[in-house]
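Every number in this text was worked out from the coordinates using simple rules, so none of it is lab data. Only a predicted model underlies this, so the values are computations on that prediction, with no experimental measurement involved. We place every Cβ from the backbone using ideal geometry, glycine too, and count neighbours over all the protein chains shown.
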Amino acid sequence: MRCSMLIPSVLLVFLLAIFNVTVAEHVNNMLTSDNLEDQIVRSYFEKRAATATHDTATATNDTTAGASTAKPAKKAKAPASLASPAVLQDGTLFYIGTAVTCLLWVTGKVIDVKMERQEKYAESLIHSI
């Protein structure tokens with residue numbers, strides 16, 4: 001195998017390995033429970049319980065502080081598990097996009113070099129006649 005074909009082949013295998021590991025990790029994280037619906041419901045109730053304990057804690061703090069000028073804290077809306085998947089939050093999508101872009105650029109560059117080499121070879125054949 002020529003060196004000009006070896007480097008893109010190694011790059012392709014490397015990028016596919018990275019993509020495979022990334023996808024496998026996210027699929028395993030997403031499907032660890034027996035039932036995804038149960039996991040979503042459990043997550044909802046945990047968030048609801050945490051919000052309820054937070055509300056009671058702030059209510060007791062407000063009553064102990066008296067009727068001062070304390071403003072009620074705004075609740076931060078917790079992101080839903082399906083509305084913000086991990087691939088969008090941890091930067092994996094950026095790495096996948098960068099890998100695909102590099103792969104396409106390298107493929108185009110290899111094709112360009114091979115075409116240039118073929119054109120030079122064809123010109124040398126014409127001039128040798």
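Laid out as a table, the results:
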read-out: Förster radius 35 Å - calculated FRET efficiency between Val23 and Ala52, Cβ distance, rounded to 0.05; value: 0.40
read-out: Length added when fully stretched, Leu125-Asp112, from 0.36 nm per residue minus Cα-Cα; value: 2.7 nm
